Every structure is written in structure tokens, then in C-alpha cells.
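Worksheet: one structure, shown below.
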Amino acid sequence: MIVQIHREGSIAIVRIDNPPVNALSLTVRQSLMDAVDALDADASVEAVVLCCAGRTFIAGADVTEFDRQPERPYLPDIVARIEAAAKPWIAAIHGTALGGGLEIAIGCRWRIASSDAKVGLPEVTLGIIPGAGGTVRLPRLVGVEAAVNLVTSGKPIDAARAISLGLIERLAETDLLTSAIAYARKSLGEPLPPMTRERAIVSAAPEFWTLAESAALKSARGEDAPLRALACIRKATEVGFEAAMTFERETFLTLRGSAQSAALRSVFFAERAAMRPPEIARIEPRSIRSTAIVGGGTMGAGIAAALREAGFPVILVEREPAALDRGLANVRAVFEGWVKRGRITQNIASDRISGVIGTTDYSMLADADLVIEAVFEDLAIKRAVFKSLGEVCRADAVLATNTSYLDPRAIAEGLPDPERFIGLHFFSPAHVMRLLEIVPTPTTAPDVIATGFALARSLNKVPVRAGICDGFIGNRILKTMRAQAERLLLAGSTPADVDDAMRRFGFAMGPFEAQDLGGLDIAAFQRKAARERGDESFAPVADRLCEQRRLGQKTRCGWYDYMEGERAPRPSPIVARHIAEAAAEAQIVKRSFTPAELSECVVLPIVNEGARILEEGIARRPSDIDLVEIHGYGFPRWSGGPMHWARAQGLSVVVSRLDVLARASLAAAPCQLLRTAAASGHFEMPSL
Ligand code: T1G
């Protein structure tokens with residue numbers, strides 16, 4: 001039974017058992033409503049404990065139902081029914097109480113939780129707002145400021161914080177259910193606390209709302225929900241309970257049907273599906289207990305920190321003592337930085353740091369289960385590392401390269417037991433960026449691929465399988481994005497206009513300011529390697545800037561000029577001259593662009609390149625490309641990623657707009673897979 005009722009004397013226990021996360025599906029809602037009615041009618045019941053089976057309390061409404069019209073009983077009605085029940089309800093929270101789950105708990109008279117519980121209203125992360133009274137009851141319980149933080153950030157808080165806010169009354173001393181029943185019994189002897197809806201709501205000064213609105217606008221970066229949620233909390237301080245509930249419900253239903261929410265929901269489910277792709281679903285990964293990193297530079301140190309954060313012991317290998325000292329210092333800097341930002345305590349930092357053993361002796365790796373190479377992006381250097389690893393490591397140890405541009409097959413050439421070799425492409429900073437491109441070679445064993453995905457789960461990364469080509473999925477699309485941005489310069493636009501347009505589209509940074517931050521020499525190095533391989537690389541202006549040693553912020557000049565000690569980009573007359581020279585050579589017709597036209601000239605070719613990547617089997621599904629772009633390249637999450645965005649625009653519209661750009665020599669023509677998708681309305685994957 002999805003909702004069971006037990007009795008402990010006069011205390012009824014209502015237990016929801018709807019794995020995996022006790023989501024409030026229609027059946028759960030109906031059963032809960034029936035339970036309230038039944039228990040209210042049972043004179044022998046004095047109080048009710050609401051708890052859940054499995055690993056968590058209610059994790060919210062069932063998001064899979066959001067593509068359908070809402071069905072009665074609606075959640076706000078269930079919360080109101082429990083709140084007004086003749087017998088007081090107490091919520092016994094373990095795991096997470098999120099969204100509708102916390103709204104139900106707030107409707108109860110009391111809340112008790114296990115000490116490791118987390119509670120929150122993450123609805124804005126799905127492009128909606130709390131729709132069952134969260135924006136109206138929560139400020140009555142924790143005050144307006146705390147409610148604004150919880151609802152507009154969507155971030156859960158731990159039980160201790162919830163207690164300090166008055167959101168939870170009690171932590172369970174013993175096992176949760178026993179404590180909850182005891183608490184209910186004891187509380188029956190005391191005056192009943194008021195229903196949450198009856199509690200007073202203390203408004204805030206106009207300056208508070210002004211500050212809160214500008215903060216939400218800044219962090220939302222184009223997302224609607226946080227600002228709409230803020231408006232609902234404000235409304236709750238200005239009108240009566242019922243009127244505020246009506247306002248919240250209308251706002252909720254509008255956002256529930258919005259494109260942004262559909263996009264954010266698709267990302268939510270894509271992230272979960274990415275963890276267990278069907279092609280490795282039944283393959284047991286190899287067990288990883290001990291790990292090693294070769295190379296203590298920025299990437300190596302970041303990967304070491306990510307492994308330590310997940311609890312793995314790490315051996316850090318460098319070619320000589322001075323380099324090793326620098327590598328260990330890089331790892332220390334990560335954790336000391338987290339202490340400074342109050343993210344971890346000094347004790348935890350010391351534990352993390354002490355778990356990284358440094359050595360210049362490869363024989364120390366004889367028993368490592370996983371070794372990740374993160375040395376300089378040079379084929380000969382990487383091959384030398386794998387020659388050494390091939391000599392000392394166990395035949396069943398997983399050997400991985402963190403290359404971002406070289407062909408993993410070339411790196412592994414001559415390696416004994418090549419089935420243990422795989423590409424694991426982390427993104428900088430590796431202890432922060434959630435994306436992990438998993439790049440198997442034709443000889444990589446299926447359980448080694450499964451080990452890559454299992455490692456991603458342990459590191460809380462979003463894994464995406466990528467085939468072998470120049471730049472895999474992410475950097476290949478980045479090349480297209482940068483080439484498109486340069487094409488727009490030759491067609492009459494400026495770096496500042498293109499960057500502004502991409503920020504308006506939802507990127508945190510435009511392509512030119514991003515290059516100045518990362519350094520123009522990195523891409524120049526890759527273009528050189530690509531051209532030596534005979535591949536084309538379109539960067540007529542960037543090439544000129546690199547020849548002039550305009551490498552970005554680090555040389556205080558790149559696409560922009562930078563004053564001493566400043567990071568503010570200043571348009572550069574020198575760059576304008578280089579653009580004019582390149583444009584003269586390219587003979588591209590000059591024209592003016594609106595910001596929307598500029599961003600379209602960049603995003604549509606990204607979609608086309610994504611379709612090519614699907615066509616070639618480099619990516620297995622459109623959502624994989626969306627996850628790469630969102631988690632690795634700043635594509636706005638609320639757009640769902642380029643492939644979801646294209647579907648939302650209408651694939652036939654995308655194709656016809658690309659055809660227009662192609663005729664104007666502003667983009668490549670749509671590839672066949674995209675044309676076929678436009679005809680059928682969905683992306684059809686080529687059989688691999
Ligand atoms: N609805 C439907 N399915 C859900 C779900 C949900 N709310 N939450 C998780 N799942 C599925 C998920 O897709 C996966 O499926 C499996 O459960 C395990 O999830 C009116 C309207 C709870 C912290 O936003 O944050 O309430 O892949 O892999 O890492 O105001 O899931 O196995 O097939 O993530 O242990 C608000 C969303 C809803 C919480 C557990 N609630 N969930 O993390 O497991 S809106 C949320 C999570 C709402 C009301 C509004 C996490 C978790 P599969 P998982 P996990």
C-alpha cells in the first residue's frame with residue numbers, strides 16, 4: 001500500500017511508501033486525503049505522525065506528472081486539510097523534505113527530524129515556485145528574510161539550521177518514529193500551537209524588497225521563477241492568507257506550463273539519466289579504492305581535490321621534487337581556499353590534504369586501482385607517462401588520460417592491456433566543474449566504461465560519453481561558437497556587441513571576454529595542432545591577436561584592453577583595426593545586427609554542430625549535448641541546452657533560419673540529421 005496507517009495506542013502513524021523518493025503522485029495525494037478523513041472520523045485517534053519509508057521523507061510533487069494537467073486532489077488542498085484536521089499532525093522527517101514535502105510538513109502542527117535531515121523548497125530549480133503554500137506559510141514560520149533566501153535560492157538547509165529558524169521544532173534523540181510518537185504524546189498535554197496559517201506574518205521594509213529583487217534578478221540571469229517567488233512572498237505580507245494563496249497558485253500554474261520550466265525539468269531528468277546510460281546499465285564497474293594522479297598542475301591538483309572530497313586516498317606523481325612541491329601546494333590551496341570561504345573546517349581541510357601522498361617514484365602506483373594522467377597536453381609526454389604506467393600498474397588497474405584535445409588512441413598506442421585505458425576529460429577547475437566527458441577507445445572494456453560512470457557518481461559529476469573527434473563534444477562545439485563569433489565581427493559587429501548579446505541570451509560571459517579570461521594562447525595551441533593534422537580552423541582575427549601577443553587579461557590586452565589592476569574590458573582600437581583588415585580579406589557583406597540576431601547567429605550553428613555530432617555518433621543522445629553545454633560551457637540551464645532549445649523553437653524554424661544564415665555566408669548549412677529532424681519533429685539517432 002502506498003500509504004499505510006498503523007496505530008501506537010491513540011497515535012496513528014501514516015506512512016508513505018512510494019519509492020524511490022516518496023513523490024506526491026496522484027495516488028499518494030488521494031490516499032493521504034482519505035487518511036486524513038478516516039483518522040478525523042476515528043475518535044480513538046488523538047494525534048497523527050506522518051512519516052515515510054525508504055531513504056527519504058517526501059521529496060516533493062511528482063515532477064513526472066507536470067507534462068499533464070493537474071488532477072485533484074491538489075496539493076494545496078491536502079496541506080489545508082492536514083492543517084485543519086481535528087487531530088494534530090506531526091511530520092517525522094528523515095533524508096530530505098523538499099518542495100511539496102516541506103509544504104505538507106509546514107501544514108502539520110509540529111515537525112521533528114533526524115539530525116542528518118535536509119529541508120528546502122527547490123521549486124525554482126525546476127522553473128516553478130512552491131505551489132502548496134510554501135510562499136505563504138513559510139514566512140509565517142521562519143520570517144520573511146529566511147523565507148526569501150530559502151525560496152529564491154532553492155537551496156536546502158540542514159536540520160540544525162532549520163531548528164535555528166524555527167522551521168523544525170525538535171531533533172530526534174533516538175530513532176525517528178519512536179521520538180515522533182513520544183513527542184506527539186507529550187505535546188498532547190500542552191496547548192496546541194496555532195495552525196501555521198493563523199500565525200502572524202511580519203512584513204519587511206520597502207528597502208528590503210528592493211535589495212531582494214535586485215539580488216534575485218542578478219542571480220537569476222534570465223530565469224523567471226526566483227523573481228516570481230519573491231513577488232509571492234511579498235504578496236503574502238500585503239494581503240490576507242486566502243488572497244495570498246490564490247496569488248501563489250496562479251503564479252505556480254503559469255510557471256508550471258512555461259517553456260523555462262519544461263527546459264529545467266528536462267535537464268533535471270537528463271542529469272539523472274546520464275548517471276546510468278542504458279548501454280552500461282547491467283555492467284558491473286571495477287572497484288576503485290585507491291587512486292593516483294600523474295601531474296600536479298591546475299588540472300591534476302583539481303582532480304586530486306575532487307577525489308579527496310569523495311573520500312579516495314590519492315597518490316600524486318610528479319617528475320621531480322620541485323614540481324611535486326608545487327603540485328602538493330596546488331592541492332593545499334584548494335582546501336585552504338574552502339576554509340577561507342567557510343565551506344569546510346580546518347580539520348576537514350587537514351584531513352583532505354593529508355590524504356594526498358606525493359611521490360616521484362612510479363613504483364608507488366603498483367597497487368593503484370585507478371590512475372589519471374593530467375600532464376601537459378603533448379603527445380610524446382603523455383605517451384611516456386603511459387609507458388611508465390604500463391610497466392608498473394596492475395593489468396586490471398584503470399588507466400585514464402585527462403586529454404582535452406589529443407586522440408586517446410594515439411596516447412594509448414603500445415600500452416599493454418589497452419582494454420583498461422579510457423579518456424576521462426575533466427573541466428577546469430576540476431574540483432568545481434560538474435561535467436566529465438567519458439571517452440572510450442575502441443578497445444576500452446565495457447566494465448572500464450562503467451567504472452568511469454561510477455566514478456562520476458562518486459564525484460557528484462555529470463558524466464557524458466563522447467566519441468573520439470577533435471575536441472570530443474564540448475570543445476568541438478566551442479570551436480564552432482568561437483568561429484561564429486568571429487564571423488560576426490567580419491560581418492560588421494564588435495566583440496562588445498557579441499558578448500552583450502550572449503549575456504542577454506543567458507550566458508554569464510560572452511565568447512570574447514571568456515577567451516580573454518582563459519587566455520587566447522590555449523586555443524591558438526589547439527588550432528596549430530589541428531592545422532598540422534590538416535584540419536581547418538577559422539580564427540582570422542584571433543590569429544592576428546596572438547601574433548601580436550594579445551593573449552587576454554594576463555597580457556592586459558586581448559579582444560579588449562585592460563588597465564593595470566583592472567578586469568573591466570575596454571574596447572580596443574587595435575582590435576578594431578585587425579577586424580577591419582580580416583574583414584577586407586574575407587569579403588563578407590557588412591550589416592547591422594540586433595542583439596537577438598547576434599545570439600541566434602551563434603546558437604543556431606551550435607545546434608547544427610550538435611546535430612553533426614549526433615550524426616557521427618560522437619554523442620548518443622541530444623540531452624547529452626545539452627548537459628555538456630550546460631555543465632561545461634555556461635549554456636543557460638533554463639534554456640534546457642542547445643538541442644532542447646532548438647526543439648522548443650521548432651526544428652523546422654531552426655532549419656529555415658540556418659538556411660538564411662548559410663545563404664548570407666554567416667553559417668554552415670543545416671546537416672542532414674537536422675533536416676530530417678525538422679521533417680519528423682524530433683531527432684532520430686543514427687544506428688551505431
Ligand atoms: N518527482 C519525480 N521523480 C523524482 C523526484 C520528483 N520530485 N525526485 C526524484 N525523482 C526520481 C529521479 O528522477 C530518479 O529517478 C530517482 O527519483 C532518484 O532520484 C507543489 C510542485 C530527492 C534529493 O525538486 O532533488 O514539490 O533516475 O537520482 O541523488 O511546491 O532526487 O532513478 O529513474 O536524484 O538520492 C520539488 C527533486 C518538486 C526534489 C534525491 N522537489 N529531487 O537525490 O536520487 S516540485 C524537488 C531531488 C514541488 C510543490 C512543487 C533528488 C533527491 P531514476 P536521484 P538522489
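The values are calculated or read from the model by the stated rules, or taken from the named source; none is laboratory data. Remember, predicted model here, so these are calculated numbers, not experimental data. Here the Cβ is made from the backbone with ideal geometry for all residues, glycine too, and neighbour counts use every protein chain on show. All accessible areas refer to the heavy atoms of the entire protein, side chains included, with ligands and DNA or RNA removed. Shrake-Rupley method; radii C 1.70, N 1.55, O 1.52, S 1.80 Å.
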Check your understanding: List, please: which pairs have Cβ atoms under 7 Å, are six or more places apart or on different chains, and start with a residue in the range 108-121 that is among the basic types (Lys, Arg) and end with one that is assigned to a strand (DSSP E or B) and at pLDDT 95 or above?
Key -> ARG109/TRP89; ARG109/ILE90; ARG111/ALA91; ARG111/ILE93; LYS118/THR96; LYS118/ILE157; LYS118/ASP158
Review point. PRO193 versus (1) open to solvent by less than 60 Å² (accessible area, probe 1.4 Å); (2) under 20 Å from VAL14 (Cα atoms); (3) over 34 Å from the mean Cα position of the chain (by Cα): which is the lone unmet condition?
Key: (2)
Review point. Can you name every residue in the range 264-300 that is touching a helix residue (DSSP H, G or I) at 6+ places or on another chain (Cβ under 7 Å), outside any loop (DSSP other than H, G, I, E, B) and among the charged types (D, E, K, R)?
Key: ARG265, GLU271
Practice item. Report yes if ARG81 is closer than 22 Å to CYS232 by Cβ and open to solvent by 30 Å² or more (accessible area, probe 1.4 Å), otherwise no. Key: yes
Review point. So which residues in the range 123-155 are away from the ligand (no atom under 11 Å from the Cβ) and small (Gly, Ala, Ser)?
Key: GLY143, ALA146, ALA147, SER153
Revision key, fill the gap. Log entry, pairs with first residue in the range 208-219 being without any contact (Cβ under 8 Å) to a residue 60 or more places away in the chain, second being part of a helix (DSSP H, G or I) and of a type in the set (Lys, Arg), beta carbons closer than 6 Å, six or more apart or on different chains, reads TRP209/ARG234
Point to revise | Conditions (1) of a type in the set (Gly, Ala, Ser); (2) over 22 Å from ALA668 (Cβ atoms); (3) open to solvent by 30 Å² or more (accessible area, probe 1.4 Å): number failed by GLY534 | key: (2)
Study note, to complete from the structure: Selection from the range 611-634 of residues open to solvent by less than 10 Å² (accessible area, probe 1.4 Å) and under 18 Å from SER404 (Cα atoms) yields ILE613, ALA619, ASP624, ILE625, LEU627, VAL628, GLU629
Exercise for review: Considering each of ALA236, ALA182 in turn, give the residue that is within 15 Å of the ligand (Cβ to nearest atom) and at pLDDT 95 or above.
Suggested key: ALA236
Review point. Does ILE13 meet the test of being more than 26 Å from GLU250 (Cα to Cα) and in contact (Cβ under 8 Å) with a residue 60 or more places away in the chain?
Key: yes
Point to revise | In the range 640-666, the residues that are buried (at least 20 other Cβ atoms within 10 Å of the Cβ) and at positive phi | key: GLY640, GLY641
**Study point:** Residues satisfying the stated conditions in the range 423-467, i.e. open to solvent by less than 40 Å² (accessible area, probe 1.4 Å), assigned to a loop (DSSP other than H, G, I, E, B) and among the hydrophobic types (A, V, I, L, M, F, W, C)
**Key:** PHE427, ALA430, ALA445, LEU459, ALA466
Revision key, fill the gap. In the range 378-405, anything open to solvent by 10 Å² or more (accessible area, probe 1.4 Å), free of Cβ contacts under 8 Å to residues at least 60 places away in the same chain and not basic (Lys, Arg) is listed as ASP378, LEU379, ALA380, ILE381, ALA384, SER388, GLY390, GLU391, VAL392, CYS393, ALA395
Exercise for review: Identify, by number, the condition in (1) assigned to a helix (DSSP H, G or I); (2) of a type in the set (Val, Ile, Thr); (3) open to solvent by 10 Å² or more (accessible area, probe 1.4 Å); (4) touching a strand residue (DSSP E or B) at 6+ places or on another chain (Cβ under 9 Å) that VAL375 doesn't meet.
Suggested key: (1)
Practice item. Just need a number here: residues in the range 118-137 that are open to solvent by 10 Å² or more (accessible area, probe 1.4 Å) and hydrophobic (A, V, I, L, M, F, W, C). Key: 1
Practice item. Taking ALA47 as the residue in question, decide whether it is under 16 Å from VAL14 (Cβ atoms), open to solvent by less than 20 Å² (accessible area, probe 1.4 Å) and not hydroxyl-bearing (Ser, Thr, Tyr). Key: yes
Study note, to complete from the structure: Exactly one of GLU213, GLU248 is away from the ligand (no atom under 16 Å from the Cβ), modelled with pLDDT of 95 or more, in a helix (DSSP H, G or I) and of a type in the set (D, E, K, R), and that residue is GLU213
**Study point:** For GLY120: the one exception among (1) within 8 Å of the ligand (Cβ to nearest atom); (2) touching a Lys or Arg at 6+ places or on another chain (Cβ under 7 Å)
**Key:** (1)
Point to revise | The lone exception for PHE472 - which of (1) over 26 Å from SER290 (Cα atoms); (2) more than 23 Å from the chain's Cα centre (by Cα) it fails | key: (2)
**Study point:** Verdict on THR152 being under 30 Å from ILE630 (Cα atoms) and out of contact with any Lys or Arg (no Cβ under 9 Å at 6 or more places or on another chain)
**Key:** yes
Point to revise | Meets criteria (under 20 Å from ALA501 (Cβ atoms), among the small types (Gly, Ala, Ser) and open to solvent by 10 Å² or more (accessible area, probe 1.4 Å)) for ALA568 | key: yes
Exercise for review: Sort out which residues of the range 91-117 are more than 8 Å from the ligand (Cβ to nearest atom) and either surrounded by fewer than 24 Cβ atoms within 10 Å (Cβ to Cβ) or part of a loop (DSSP other than H, G, I, E, B) (or both), and write them in order of number.
Suggested key: HIS94, CYS108, ARG109, TRP110, SER114, SER115, ASP116, ALA117
Review point. Are there any strands (runs of 3 or more DSSP E) wholly within the range 1-52 with 3 or more residues that are within 16 Å of ALA86 (Cβ to Cβ), and if so which?
Key: 11-16, 47-52
Exercise for review: Among the residues of the range 628-643, write down those that are under 11 Å from the mean Cα position of the chain (by Cα) and aliphatic (A, V, I, L, M).
Suggested key: VAL628, ILE630
Exercise for review: Of the numbered conditions (1) free of Cβ contacts under 8 Å to residues at least 12 places away in the same chain; (2) in a loop (DSSP other than H, G, I, E, B), ALA243 fails exactly one; give the number of that condition.
Suggested key: (2)
Review point. Could you say whether any residue in the range 4-14 is open to solvent by less than 40 Å² (accessible area, probe 1.4 Å), of a type in the set (Ser, Thr, Tyr) and away from the ligand (no atom under 12 Å from the Cβ)?
Key: yes
